[in-house]
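**Student:** If you scroll down you'll find the structure; I have some questions about it.
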Amino acid sequence: QVQLVESGGGLVQAGGSLRLSCVASRSIFSINAMGWYRQAPGKQRDLVAVMRSGGITDYSDSVKGRFTISRDNAKNTVYLQMNSLKPEDTAFYYCNARFLDLTYWGQGTQVTVSS
């Protein structure tokens with residue numbers, strides 16, 4: 001089993017930056033993939049960024065060039081650096097882990113970007 005705890009959300013002006021953190025309850029070496037999803041009110045939860053085994057990353061087109069996913073294995077933590085934020089990035093952001101064919105979610109953190 002994997003517990004995930006996110007932090008780092010908040011209110012920021014358009015053009016600003018935030019860094020989200022997701023701490024896992026076990027070594028992230030053993031986790032097949034970790035990523036970030038977001039869900040805006042009335043919309044479905046969509047993939048933002050994912051890091052798979054071997055460090056392979058993938059991003060949604062809407063955040064490419066602005067967001068970066070990274071990890072610190074020693075801290076069992078995955079980060080999402082968000083730069084050049086836009087009002088349309090406003091959403092609840094969730095950390096996700098894929099481990100032994102099961103999917104785990106964190107409780108989420110709110111990101112609000114004001115115009």
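**Student:** Averaging sequence separations of C-alpha pairs under 8 Å and six or more residues apart, then dividing by the length of the chain, give the relative contact order as a whole percent.
**Tutor:** Numbers: 286 pairs, mean separation 43.1, N = 115.
After rounding, I find 37 percent.
**Student:** Okay, next question. From the Cα gyration tensor of the chain, with a ≥ b ≥ c the square roots of its eigenvalues, which class applies: rounded if a/c is under 1.5, or else prolate if a/b is larger than b/c, or else oblate? Write out the running numbers ahead of the final one.
**Tutor:** On the way: a/c = 1.80, a/b = 1.68, b/c = 1.07.
Prolate, since a/c reaches 1.5 and a/b exceeds b/c.
**Student:** A further question on this structure: Quick one: accessible surface of Asp101, probe radius 1.4 Å, all protein chains present, in square angstrom to the nearest 10.
**Tutor:** Answer for Asp101: close to 120 Å² accessible.
**Student:** Please report the antiparallel percentage of the DSSP beta bridges confined to the chain, to the nearest 5. Walk me through the numbers on the way to the answer.
**Tutor:** On the way: 40 of 44 bridges.
Bridges in the chain that DSSP calls antiparallel: roughly 90 percent.
**Student:** Something else about it: Tell me, what is the FRET efficiency for Lys43 and Asp101 to the nearest 0.05, using R0 = 25 angstrom and their Cβ-Cβ distance as r? Write down the numbers at each step before the final one.
**Tutor:** Working: r = 27 Å, r/R0 = 1.09.
That gives a FRET efficiency of 0.35.
The values are calculated or read from the model by the stated rules, or taken from the named source; none is laboratory data. None of these values were measured; they are calculated from a predicted model. We place every Cβ from the backbone using ideal geometry, glycine too, and count neighbours over all the protein chains shown. Each accessible area value is taken on the protein alone, full model and side chains, heavy atoms only, with ligands, DNA and RNA left out. Shrake-Rupley method; radii C 1.70, N 1.55, O 1.52, S 1.80 Å.
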